[in-house]
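Please read the structure below before turning to the comments.
The values are calculated or read from the model by the stated rules, or taken from the named source; none is laboratory data. The structure presented is a predicted model; accordingly, all values stated were derived computationally and were not measured. Please note: Cβ atoms are built from the backbone with ideal geometry, for glycine as well, and neighbour counts cover all protein chains shown. When the accessible area is computed, the model is the full protein with side chains, heavy atoms only, and any ligands, DNA or RNA have been set aside. Shrake-Rupley method; radii C 1.70, N 1.55, O 1.52, S 1.80 Å.
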Amino acid sequence: MARIVYIGGEATAAGFRLAGLDVRSSDAGDAPALLRQALAERPDCVLFDGTLLESIPAPLFESALAGESTLFAVVPDVNGGGAPPDLTRYVRDALGIEA
């Protein structure tokens, strides 16, 4: 079975905990340390709360993305915060195409 670690806020962590993930509740202050620790443990995947991205130094973020043994993904929180932008909508808006 794959080992997946979730790092993020307590509300979202509760759902991932119910799904059987290894959960590390975090706020912006301890997110970099938790991410370093999780990556050092070499799980199959690390899911990271997108609302905490601003607290992660760029070199650490780039290292996590470039990791060869651990898949790293940024996910929105339970309220949709930290979600990546809708690139399809962005391109359509820029080109003036209505969907």
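The figures follow:
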read-out: Residue-span extension gain [residue 10 to residue 33] - 0.36 nm each, minus C-alpha spacing; value: 6.6 nm
read-out: The chain: most fluctuating residue of 46, 78, 23 per GNM, C-alpha cutoff 10 Å; value: 78
read-out: Proximal charge balance of residue 4 [Cβ under 9 Å; K/R count +1, D/E count -1]; value: -1
read-out: GluC sites (Glu not before Pro), loop per DSSP, at most 16 other Cβ atoms within 10 Å - longest free stretch of the chain; value: 1-40
read-out: Normalised contact order of the chain, rounded percent, pairs of Cα under 8 Å and 6 or more residues apart; value: 26
read-out: Cβ charges +1 (Lys, Arg) and -1 (Asp, Glu), total dipole of the chain, debye; value: 220
read-out: Dipole-positive endmost among 81, 23, 94 within the chain (Cβ charges, Cα centre); value: 23
read-out: Per residue value of the accessible surface for region 23-87 (all protein chains in place, 1.4 Å probe), Å²; value: 56
read-out: Over the chain: Rg over Rh, Cα atoms, Kirkwood Rh; value: 1.05
read-out: Percent accessible area from carbon and sulfur atoms, the chain, protein chains only, probe 1.4 Å; value: 57
